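Have a look at the structure below, then the notes.
The values are calculated or read from the model by the stated rules, or taken from the named source; none is laboratory data. The shown structure was predicted, so the numbers you read here are calculated from the model rather than taken from an experiment. Every residue, glycine as well, gets a Cβ built from its backbone with ideal geometry; the counts of neighbours run over all protein chains shown. The protein model used for the area step is the full one, side chains on, heavy atoms only, and it has no ligands, DNA or RNA in it. Shrake-Rupley method; radii C 1.70, N 1.55, O 1.52, S 1.80 Å.
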Amino acid sequence: MASNGGPQFTFPPDLEPETVQPGTNILVSGSSGQGARDVALRLMLAGTSSNEGVLLLSADTSGRTLLERAAHEVETLDRDRVGIVDCSGLEDDQQRFDEHEKSIDDPGDLTAIQMELSVLYETLLERGYDRVRVGVFSVSALIAHAELEAVSRFIHMLSGRVIATDDLGVFVLDSSMQDDLTVDVIEQYCDGTIDVQMTDDDNTEVRARGLGIESPSWRQVSARPQDQQQHQP
């Protein structure tokens, strides 16, 4: 973690920690892939500062689907501040986005992914966003299409860039798909981990380890306003 003394990145109050220093990398890990993705999206989209951009790597679902999840998370999502690199290979040319989106057909082509992330990162800076929340959805999908050593180098590079530029990195990992060694390899590049689990009554619980949390404990995540409205009679 590195910081030039700039403002901290803020998160929703039901997700520990509520703030982290610039240059922080966070692993979001859970055996329920969707639960971990939803928590990671909340971290990515929580910024209220007008100078924050959002850069998403969509490897395990289409970029359009990830954008729809983001719009569900934030009703007034500012599309101008969001860039997406879609390397899922799940959409055809007629379904591509606009200039805010770059497409790669192979989740294992880490060199191309790195290049497109850099292009969109610079685009966000040119649009006036002087710091960026960078999210990888998900590391598990990359590992499924490339060697662990290559993915480890990619995460090392990306997390190092986050530190150097005082941005925020969020890396999603489906722990049910990885052995302990793989989790340890990815975790070493992060300042801390947010574990995610689903309860028997389909509630989401999170537990932060590291990130300044001295006594980690499970806490329930509040339902989104949209979800509360859907369950009202």
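Among the residues of region 125-150, write down those that are in a helix (DSSP H, G or I) and surrounded by 22 or more Cβ atoms within 10 Å (Cβ to Cβ). First the steps, then the outcome.
Start the filter on region 125-150 by keeping residues that are in a helix (DSSP H, G or I), which leaves 125-126, 139-145, 148-150.
V139, S140, A141, L142, I143 - these are the residues of region 125-150 that are in a helix (DSSP H, G or I) and surrounded by 22 or more Cβ atoms within 10 Å (Cβ to Cβ).
Checking I213 against (1) touching a Pro at 6+ places or on another chain (Cβ under 8 Å); (2) modelled with pLDDT of 90 or more, which test does it fail?
(2)
Suppose the filter is crowded, with 22+ Cβ neighbours inside 10 Å, under 15 Å from the mean Cα position of the chain (by Cα) and part of a helix (DSSP H, G or I); does I155 pass it?
Details: crowded, with 22+ Cβ neighbours inside 10 Å: yes; under 15 Å from the mean Cα position of the chain (by Cα): yes; part of a helix (DSSP H, G or I): yes.
Against the criterion (crowded, with 22+ Cβ neighbours inside 10 Å, under 15 Å from the mean Cα position of the chain (by Cα) and part of a helix (DSSP H, G or I)), I155 qualifies.
All but one of (1) at pLDDT 90 or above; (2) over 19 Å from R42 (Cα atoms); (3) open to solvent by less than 70 Å² (accessible area, probe 1.4 Å) hold for E205; which doesn't?
Going through the list (1) at pLDDT 90 or above; (2) over 19 Å from R42 (Cα atoms); (3) open to solvent by less than 70 Å² (accessible area, probe 1.4 Å), E205 breaks only (2).
Among the residues of region 64-85, write down those that are over 22 Å from Q114 (Cβ atoms) and among the small types (G, A, S).
A70, A71
Filter region 98-124 for residues that are among the aliphatic types (A, V, I, L, M) and open to solvent by 70 Å² or more (accessible area, probe 1.4 Å) and give the result.
If the condition is that a residue be among the aliphatic types (A, V, I, L, M) and open to solvent by 70 Å² or more (accessible area, probe 1.4 Å), then M115 is the only one that fits.
Applying the selection to region 17-32, what residues are small (G, A, S), out of contact with any Leu (no Cβ under 6 Å at 6 or more places or on another chain) and assigned to a strand (DSSP E or B)?
Here is the first cut: in region 17-32, the residues small (G, A, S) are 23, 29-32.
Pick out the ones that are also out of contact with any Leu (no Cβ under 6 Å at 6 or more places or on another chain) and you get 23, 30-32.
Within region 17-32, just G30 meets the criteria.
Only one of (1) in contact (Cβ under 8 Å) with a residue 24 or more places away in the chain; (2) more than 14 Å from the chain's Cα centre (by Cα) is not met by T19, so which one is it?
All conditions pass for T19, except number (1).
When the residues of region 56-65 are filtered to those that are surrounded by 23 or more Cβ atoms within 10 Å (Cβ to Cβ) and not in a loop (DSSP other than H, G, I, E, B), which remaining residue is farthest from the chain's Cα centre (by Cα)?
Ranking the candidates gives G63 first.
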